[in-house]
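Chemist: Encoded as structure tokens, here's the structure I'll be asking about.
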Amino acid sequence: MFTMTKNVVTNLLRKSSTRLYPVEVRGNFDGYRGRLDNKIEDCIFCGMCQRKCPSQCIAVDMKAGVWECDPYACVYCGVCVDHCPTKCLSMSKEHRKATPGKDLIHLQGTPRVKKKPAAPAPDAAPGAAPEADSGETA
Ligand code: SF4
Ligand code: SF4
């Protein structure tokens, strides 16, 4: 009886071990993988994330400059973040908000323009000096 009374009194005087959720919400720990973000201005649409993703939930359209991800198929492993060459992918420790629809993340960036190979020089005799433009008009 004495032991029980002692425990009750001790527990009443001690700080609570639980929180008053949802009034008091504990923040997520550092390093927690809650949401995948892409800083699209830095994306070069190389497609590395798409190739490395184990759940195949990323689609990259290099020509159109579009990056898409299905957040409901993502397993938040962080492999894409580790392999992104420009480090534009990152994991936020905050969760995405709950939504009624299963929308894709669709980000539009600036497509990469492939450099055209330099045009071949016009036919000219080897060693001949290029024709100078006189600037005169007929
Ligand atoms: S790996 Fe990075 S830079 Fe390449 S397409 Fe994916 S997000 Fe863009
Ligand atoms: S976190 Fe993993 S599953 Fe999600 S998009 Fe990146 S590689 Fe794919």
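Chemist: How about region 1-48: which trypsin sites (Lys or Arg not before Pro) there are in a DSSP loop, with at most 10 other Cβ atoms within 10 Å of their Cβ? Numbers along the way, then the final one.
Modeler: On the way: sites: 6, 14, 15, 19, 26, 33, 35, 39; in loops: 14, 15, 19, 26, 33, 39.
Those that pass, being in a loop and sparsely packed, are 14, 15, 19, 26.
Chemist: Tell me the angle of helix 2-13 to the major Cα principal axis of the chain, expressed in degrees between 0 and 90 and rounded to the nearest ten.
Modeler: 40
Chemist: Per 0.36 nm of contour for each residue apart, how much would the distance between residue 17 and residue 77 grow if the chain were fully extended, relative to their Cα-Cα spacing?
Modeler: Values: separation 60, 0.36 × 60 = 21.60 nm, distance 3.14 nm.
Once the chain is fully extended between residue 17 and residue 77, it gains 18.5 nm.
Chemist: Follow-up question, since we're still on this one. At residue 3 and residue 56, where each label point lies 7 Å from the Cα along Cα→Cβ, what is the point-to-point distance in nanometres?
Modeler: Going by the 7 Å Cα→Cβ label model, 6.1 nm.
Chemist: Fewest first, what order do 74, 43 take by the number of other Cβ atoms within 10 Å?
Modeler: 74, 43
Chemist: In addition: Grab the DSSP H runs of the chain that are 4 residues or longer, score each as -39,500 (n - 2.57), total them, divide by all residues and round the 222 nm result to the nearest 500 deg cm²/dmol.
Modeler: Working: 3 runs with 22 residues, N = 138.
Counting only the DSSP helices, I get -4000 deg cm²/dmol.
Chemist: Separate question: Among 30, 61, 82, which one shows the biggest mean-square fluctuation in a GNM of the chain, springs joining Cα atoms closer than 10 Å?
Modeler: It is 30.
Chemist: How much of the calculated P(r) for the chain lies past 26 Å, in percent of all Cα pairs? Mind dumping the intermediate values first?
Modeler: Values: 5207 of 9453 pairs.
The calculated P(r) of the chain puts 55 percent of pairs beyond 26 Å.
Chemist: Return one quarter of the surface area of the convex hull spanned by the alpha-carbon atoms of region 27-108, equal to its mean projected area, in nm². Spell out each step's value before the answer.
Modeler: Details: hull surface 21.9 nm².
Dividing the Cα hull surface by four gives the mean projection, 5.5 nm².
Chemist: Let me ask something else. Using the structure shown, list the pairs from 39/93; 87/116; 15/97; 39/116; 63/97; 87/114 with a Cα-Cα distance above 25 Å, or answer none. Spell out each step's value before the answer.
Modeler: On the way: 39/93 16 Å; 87/116 27 Å; 15/97 32 Å; 39/116 27 Å; 63/97 31 Å; 87/114 21 Å.
Long pairs (Cα-Cα over 25 Å): 87/116; 15/97; 39/116; 63/97.
Chemist: Just to check I understand the Karplus step: with θ = phi - 60° and J = 6.51 cos²θ - 1.76 cosθ + 1.60, what whole-Hz values come out for region 36-52, glycine and proline as x?
Modeler: Those phi angles translate into 9, 10, 10, 7, 4, 4, 9, 6, 10, 6, 6, x, 4, 4, 5, 6, 8 Hz.
Chemist: Which distance in nm do the two modelled labels at residue 119 and residue 33 give, with both placed 7 Å along the Cα-to-Cβ direction?
Modeler: 5.0
Coordinate-derived values only; no laboratory data. All figures in this text were calculated on a predicted structure; none of them were measured in a lab. Every residue, glycine as well, gets a Cβ built from its backbone with ideal geometry; the counts of neighbours run over all protein chains shown.
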